[in-house]
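As structure tokens, the structure follows; a few thoughts come after it.
The values are calculated or read from the model by the stated rules, or taken from the named source; none is laboratory data. All values derive from a computational prediction rather than experimental measurement. Note that each Cβ is placed from the backbone with ideal geometry, even for glycine, and that neighbours are counted across all protein chains shown.
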Amino acid sequence: MAFRLPSLQHGSLHLSTSCTACKTVPKNLKGRSKSSQDWLTRQLNDPYVKLAKHQQYRARSAFKLLEIDKRHRLLVPGQVVVECGAAPGAWTQVAVAAVNSLPQAKNKSQGMVIGIDLQSVHPVPGATLLDGRDFTAPQTQLQVLELLNGRKVNVVLSDMAPKASGIKGLDHENIISLAYAALRFAAQNTAEGGSLLCKIWEGFMTHQLISDMKRSFRTVKIVKPAASRGDSSEAFLVAKELFHEPTT
């Protein structure tokens, strides 16, 4: 069966592939659970996993951000980006290239990328990483503000997710709680006109979260990029044009 991934244009980066796919069956499955076997089979046959390896991204999730950014134009050179849930660093790689924080393009403004995650994250050139830290903790956010040194954030990215319990309602509530943490930080520290992108698992609290986001952002859209697995409840909220109510 032949397939072609959608072409993604991101600055000078052009991503596309076409090849012939034959289902690969993993070896040495003895002793593994069926869910583990299914996951390995899916990984081996996932075109985005293969493309991520080919393009030297750390995870297939890079293509979710690339597609969302292509459609919604969140990231531009010179911006300050705070990324919540940075591990393993795939979104960080995309953000560094997009805002020119390394910088690679000498004729463009240099941006800044700060990534935070509970897990260890291998260094990403052009990014400042606060790994082993809980973004929701006040002391972590103070560290971020110290690194910003008075600069306002332009984009908050949140790929945070709780450890799944297998209880759908509980997992949904937990990820929504993380999304609210990102929203509060963005509302307090993002420059006028800034943006927030956050991952959620859809459920009964989604509409209330969107409503609350609209109190700070002029537009809020729910999107599901092609790289999100079709059988997953994963979606992303794209909030743009942060506004501050005039003080009286």
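Structure summary
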{"quantity": "Qualifying residue in region 204-217 (condition: touching a residue at least 40 places away in the same chain (Cβ under 8 Å), part of a loop (DSSP other than H, G, I, E, B), assigned by TED's automatic domain parsing to the domain that holds Gly111 and touching a Leu at 6+ places or on another chain (Cβ under 8 Å))", "calculated": "no"}
{"quantity": "Lone qualifier among Gly115, Gly150 - being assigned to a loop (DSSP other than H, G, I, E, B) and either under 20 Å from Ser61 (Cα atoms) or modelled with pLDDT of 95 or more (or both)", "calculated": "Gly150"}
{"quantity": "Failed item in (1) assigned by TED's automatic domain parsing to the domain that holds Thr219; (2) under 22 Å from Ile200 (Cα atoms); (3) not charged (D, E, K, R), with Val99 passing the rest", "calculated": "(2)"}
{"quantity": "Some residue of region 196-209 being at negative phi and touching a Lys or Arg at 6+ places or on another chain (Cβ under 6 Å)", "calculated": "no"}
{"quantity": "Lone unmet requirement of (1) within 23 Å of Ser101 (Cα to Cα); (2) touching a residue at least 60 places away in the same chain (Cβ under 8 Å) for Gly150", "calculated": "(2)"}
{"quantity": "Sole residue being touching a residue at least 60 places away in the same chain (Cβ under 8 Å), under 30 Å from Val49 (Cβ atoms) and surrounded by fewer than 16 Cβ atoms within 10 Å (Cβ to Cβ), chosen from Ala226, Ala161, Ala182", "calculated": "Ala226"}
{"quantity": "Some residue of region 170-177 being buried (at least 17 other Cβ atoms within 10 Å of the Cβ) and within 29 Å of Gly78 (Cβ to Cβ)", "calculated": "no"}
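Yes or no, residue by residue, for (1) part of a loop (DSSP other than H, G, I, E, B); (2) in contact with a Ser or Thr (Cβ under 7 Å, 6 or more places away or on another chain); (3) crowded, with 20+ Cβ neighbours inside 10 Å:
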position	(1), (2), (3)
Ala87	yes, no, yes
Ala95	no, no, yes
Ala98	no, no, yes
Asn107	yes, no, no
Phe135	yes, no, yes
Gln141	no, no, yes
Leu145	no, no, no
